[in-house]
Amino acid sequence: MAVSTDDVVRALAAVQLDGRALPETGRLSAILSEGGRVSFSLAIEPSEAARLEPVRQAAEQAVKALPGVTAAFVSLTADRPPAKPAPAAPRQPGAPPRAQAIPGVRHVFAVASGKGGVGKSTLACNLALALKARGLKVGLMDADIYGPSAPRLFGLGGKKPRVISGRILEPLDGYGVQVMSIGFLVEEETAMIWRGPMVISAITQMLREVAWSELDVLVVDMPPGTGDAQLTMAQTVPLAGAVIVSTPQDLALIDARRGIAMFRKVEVPILGVVENMASFSCPNCGHVSHIFGHGGARAEAEKAGVPFLGEVPLDMAIRATSDEGRPVVATDPDGPHARAYLAIADRVWERVTGGAATRAAPRIVIE
Ligand code: ADP
């Protein structure tokens, strides 16, 4: 049975906030109702979080009690970040992140780009698989709300995560990587219309209400761009650092520079820059050409004083395997493309762990 937003608003009228019915407080975001799953957020000031938690719970209960509702997700979102603390010394790679840690996850890093279409998601997917191939336990969180591609890249299109208990979801398995994406939860068009606070709340849920199982590392595929949502995310997610992807064109590099500046602003270390679609080897004659120019990302990295992590060629096999949900590192692990991704992953891991060994630390078992 379809649940209308009017039904939800009527149910919420029974929840009081400061002596008024919740829908009259002006704090409700747009309500999303899809297949019995209802989600919305309440706008709050950062200082109100503890006081309004019971209201959030009451709202969730009221909606859950409606006939036809199978799950209700209500979150508190602060449009403005909390007052800025006094400026701290820039954080070095390997230093502990400032945002709250995620249970079950040791390290988190982001793959980001100044603009869309440069191959960020393809890199995030193959880096996750390369780290897995190195013996690490790896997760991938697809935070690219406006264009989630992890379901396609990992061959998990149409699959839904299992609810373990309450609001906690089980990540899906993609070639041994634990994967969570907004693409598993809502139709693509639904997320397209979300405003900033809803995006942040969806990302927070995907980070903290997923049963990540003892991950050495969680790779976050960031939404492209350098707007407010990205800034807030960079502050919310406990990032060890960020990998910036760029193609060699000047325009992409200008965007990459913006990306570097954004992470610096929120004191997230830049792990380095990757040049994607760097060279093209003709499948017929073997001639190598540089369709978009070459070396721009390396030069940009040098200029910005950040490491250059490596380059990935433009190749039909990378495009085709990505689109088929058979990522190249998983399906051709000894091929030249997998080797390029593995080399980059090793450099990233070294930076994430602050130069420690590239293997997972031994797990201590207390008998
Ligand atoms: P973004 O996440 O930056 O929007 P995607 O990873 O979705 O970019 O890549 C955009 C398109 O480019 C996809 O069709 C993908 O298969 C293709 N692509 C990405 N990297 C390469 C590459 N190195 N060679 C060939 N095609 C690539």
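Summary table below
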| item | result |
| --- | --- |
| Theoretical FRET efficiency, 1/(1+(r/R0)^6), r = Cβ-Cβ of Ile254 and Met316, R0 22 Å, to 0.05 | 0.20 |
| Residues with amide H under 5 Å from that of Gly104, placed H, sequence gap 5 or more | none |
| Assigned charges on the beta-carbon of Lys, Arg, Asp, Glu; segment 105-353 dipole about Cα centre (debye) | 380 |
| Inter-probe distance in nm under a simple model that places probes 7 Å from Cα toward Cβ, at Glu24 and Arg10 | 1.8 |
| Ser47 accessible area, assembled protein chains, probe 1.4 Å, Å² | 110 |
| With Cα atoms, 0 to 90° folded angle of helix 49-64 axis to the chain main axis | 80 |
| Residues whose placed amide H lies under 5 Å from that of Leu218, excluding near-sequence neighbours | His107, Val108, Phe109, Gly139 |
| Selection from Ser29, Ala240, Ala343, by position along the positive dipole direction of the chain (Cβ) | Ala240 |
| Taking the C-alpha atoms of segment 5-77, convex hull volume expressed per residue in Å³ | 74 |
| Rounded percent of accessible protein surface that carbon and sulfur make up, the chain, 1.4 Å probe | 55 |
| Amide H within-cut-off set for Asn276, under 5 Å, with H built and near neighbours excluded | Ser246, Thr247, Val312 |
| Per-residue HN-Hα couplings for segment 117-126 [Karplus 6.51, -1.76, 1.60; θ = phi - 60°; Hz; x = Gly/Pro] | x, 8, x, 4, 5, 4, 5, 4, 4, 6 |
| Mean separation of Cα contacts under 8 Å (6+ apart) over length of the chain, as relative contact order % | 18 |
| Surface accessible to a 1.4 Å probe, per residue, for the residues of the chain, Å² | 46 |
| Förster radius 41 Å - calculated FRET efficiency between Glu45 and Ala65, Cβ distance, rounded to 0.05 | 0.90 |
| Listed residue pairs exceeding 26 Å between alpha carbons, taken from Lys137/Lys160; Lys265/Lys303; Lys120/Lys160 | none |
| Translational diffusion of the chain, µm² s⁻¹ [Kirkwood Rh, Cα pairs; Stokes-Einstein; 37 °C; 0.692 mPa s] | 152 |
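The values are calculated or read from the model by the stated rules, or taken from the named source; none is laboratory data. No experiment lies behind these values; they were computed from the predicted model shown. So basically every Cβ, Gly included, is an ideal-geometry build from the backbone, and we count neighbours across all protein chains shown. Keep in mind that these areas ignore ligands, DNA and RNA; they rest on the heavy atoms of the full protein, side chains included. Shrake-Rupley method; radii C 1.70, N 1.55, O 1.52, S 1.80 Å.
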